[in-house]
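Peer 1: Have a look at this one before I ask anything.
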Amino acid sequence: MKTKNEQKKQKNNRTVQHPLFGISIRNWIQLLEKNGGVDREYLNKAVFITLTSILTTPARILFKIKYSSKINKTKISHPPVFIIGHWRSGTTYLHELLCQDPQFCYVSLWNTLLPDSFLILEPIKKFLSRFLPSERSMDAIKVDIDGPYEDEAALAVLYPWSFFHCLHFPRNAEEQYLKSIHFYDMTSEEKNQWKTTYLKFIKTVTLANKGKRFLSKNPPNTARITTLLELFPEANFIHIYRSPYKVYLSTKKMRNRVLDKLALQNASEEEMEQQIIKNYIWLMNSYFEQKEQIPNDNLVEIKYEDLTLNPIEQVKKIYSTLKFPGFEDALPEMKKYLEKQSEYKTNVYTIDDKIVHHVNKNWKFTIDRWRYSPPK
């Protein structure tokens with residue numbers, strides 16, 4: 001008799017769809033070489049990725065012919081806005097709320113699936129949306145192909161080093177994490193290529209949205225501030241943080257669910273646990289070190305618990321601190337969004353003494369800094 005986890009894993013292995021379906025053959029081969037290939041039980045997904053990669057090749061070629069020159073000439077007229085913070089800290093909620101303001105453009109799920117061909121394949125977007133799940137696996141948020149998504153998913157299709165590849169290739173997660181987020185042991189050529197790739201993608205989204213101000217949500221950017229300022233010296237940053245106790249449990253739940261859907265290799269629970277603990281320490285320490293480089297007027301920090309308690313007040317604080325125009329104009333749409341979200345129930349976690357001790361032992365530096373107490 002199989003356990004529920006084994007049954008779930010077997011079911012997900014039968015599901016061949018994978019978000020890397022729009023990757024180029026060249027990038028796909030690179031990924032396999034750098035990460036040690038695919039485990040046998042995931043070969044069906046690997047075949048799916050390979051076949052769809054071949055099928056979408058003409059679209060990438062046409063995209064390059066038609067849009068390369070336009071993308072290169074696209075100017076980023078307004079400083080981009082980067083929402084940052086560790087995963088499961090409320091970045092999605094904040095992003096979707098701010099995206100109600102029409103002055104901003106954002107990366108959509110559609111943009112991330114086919115980042116170097118989505119403008120060409122627009123006519124079949126509705127058809128492809130039928131194959132998407134109805135909800136995000138990690139938090140039951142409704143999936144909308146045109147809805148806001150995180151930039152990193154596009155970088156995973158475009159570049160061999162991305163946080164998402166930690167989830168695709170969990171046995172090589174540490175190297176993927178350190179290189180893609182901290183640029184550790186990267187050559188200058190690799191880092192420049194990352195910057196070129198990201199800038200081109202931002203320009204592509206900006207072009208598709210007629211020059212609107214780019215609003216990004218991407219947790220890995222929390223430790224890339226130095227590099228982002230090299231690209232955009234006037235960029236604005238919104239950092240959101242949350243109780244480390246809740247972040248720990250939510251991240252662990254997310255990793256389990258996402259690995260079920262995205263993994264192309266097996267990994268043990270012990271390895272995943274170590275990654276969660278170490279990744280948080282590396283990410284947050286990097287943020288604390290690098291945030292001093294951001295001019296005071298270009299950074300605002302908010303607490304997730306304050307945002308959920310009084311979202312309009314916190315958004316007003318963001319607009320006031322960063323001197324964004326249009327708050328009153330955006331307010332009606334933001335209120336509509338909040339009304340729709342009023343029935344959404346966040347995950348409830350049981351936090352026992354063992355978990356409190358574990359989080360205190362490893363993440364005390366943020367608990368003390370932000371003055372959190374263990375939840376009762």
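Peer 1: Got at least one residue in the stretch 66-79 being more than 25 Å from Ser180 (Cβ to Cβ), of a type in the set (Phe, Trp, Tyr) and assigned to a helix (DSSP H, G or I)?
Peer 2: There is at least one residue in the stretch 66-79 that is more than 25 Å from Ser180 (Cβ to Cβ), of a type in the set (Phe, Trp, Tyr) and assigned to a helix (DSSP H, G or I).
Peer 1: Which condition breaks for Glu96 when tested against (1) part of a loop (DSSP other than H, G, I, E, B); (2) in contact with a strand residue (DSSP E or B) (Cβ under 7 Å, 6 or more places away or on another chain); (3) modelled with pLDDT of 95 or more?
Peer 2: (1)
Peer 1: Examine the stretch 344-362 for a residue that is in a helix (DSSP H, G or I), among the charged types (D, E, K, R) and in contact (Cβ under 8 Å) with a residue 12 or more places away in the chain, and state whether such a residue exists.
Peer 2: Checked against the condition, which is being in a helix (DSSP H, G or I), among the charged types (D, E, K, R) and in contact (Cβ under 8 Å) with a residue 12 or more places away in the chain, the stretch 344-362 yields no hits at all.
Peer 1: Scan the stretch 282-307 for residues that are assigned to a helix (DSSP H, G or I) and either within 18 Å of the chain's Cα centre (by Cα) or of a type in the set (Lys, Arg) (or both) and jot them down.
Peer 2: Hits for the stretch 282-307 are Trp282, Leu283, Met284, Ser286, Tyr287, Lys291, Tyr304.
Peer 1: Something else about it: In the stretch 225-254, how many residues are of a type in the set (Lys, Arg) and without any contact (Cβ under 8 Å) to a residue 60 or more places away in the chain?
Peer 2: 1
Peer 1: Related question: From (1) in a helix (DSSP H, G or I); (2) buried (at least 22 other Cβ atoms within 10 Å of the Cβ), pick out the condition that doesn't hold for Val258.
Peer 2: Of (1) in a helix (DSSP H, G or I); (2) buried (at least 22 other Cβ atoms within 10 Å of the Cβ), only one is false for Val258: (2).
Peer 1: Looking at the stretch 106-131 only, could you name the residues that are over 27 Å from Thr251 (Cβ atoms) and crowded, with 23+ Cβ neighbours inside 10 Å?
Peer 2: Leu114, Asp116
Peer 1: I'm trying to understand the selection: among the residues of the stretch 12-48, which are within 15 Å of Val157 (Cβ to Cβ), aliphatic (A, V, I, L, M) and in a loop (DSSP other than H, G, I, E, B)?
Peer 2: Once the filter is applied, which keeps residues that are within 15 Å of Val157 (Cβ to Cβ), aliphatic (A, V, I, L, M) and in a loop (DSSP other than H, G, I, E, B), the stretch 12-48 yields only Ile23.
Peer 1: Within the stretch 161-210, considering only helices (runs of 4 or more DSSP H) that don't extend past its boundaries, which have at least 1 residues that are free of Cβ contacts under 8 Å to residues at least 60 places away in the same chain and more than 19 Å from Ile281 (Cβ to Cβ)?
Peer 2: Helices (runs of 4 or more DSSP H) meeting the threshold: 188-208.
Peer 1: Could you tell me which residue of the stretch 285-335 is surrounded by the most Cβ atoms within 10 Å (Cβ to Cβ), considering only residues that are among the hydroxyl-bearing types (Ser, Thr, Tyr), in contact with a helix residue (DSSP H, G or I) (Cβ under 6 Å, 6 or more places away or on another chain) and touching a residue at least 12 places away in the same chain (Cβ under 8 Å)? Walk me through how you get there before you give the answer.
Peer 2: Taking the stretch 285-335 as the starting set, the residues that turn out to be among the hydroxyl-bearing types (Ser, Thr, Tyr) are 286-287, 304, 308, 319-321.
The next check asks that each one be in contact with a helix residue (DSSP H, G or I) (Cβ under 6 Å, 6 or more places away or on another chain); those that pass are 286-287, 319.
Filter once more, keeping what is touching a residue at least 12 places away in the same chain (Cβ under 8 Å): 286-287.
Details: Ser286: 17, Tyr287: 21.
Checking each candidate, the answer is Tyr287.
Peer 1: Can you tell me which residue within the stretch 341-356, out of those that are loosely packed, with under 11 Cβ neighbours inside 10 Å and under 23 Å from Asn310 (Cβ atoms), is modelled with the lowest pLDDT?
Peer 2: Lys345
Peer 1: Can you tell me how many residues in the stretch 218-234 are charged (D, E, K, R) and either in a loop (DSSP other than H, G, I, E, B) or surrounded by 15 or more Cβ atoms within 10 Å (Cβ to Cβ) (or both)?
Peer 2: Matching residues across the stretch 218-234 total 2.
The values are calculated or read from the model by the stated rules, or taken from the named source; none is laboratory data. Because the structure is predicted, anything quoted here is derived from the model rather than measured. Positions of Cβ are generated from backbone atoms using ideal geometry, with glycine treated the same way; all protein chains shown enter the neighbour counts.
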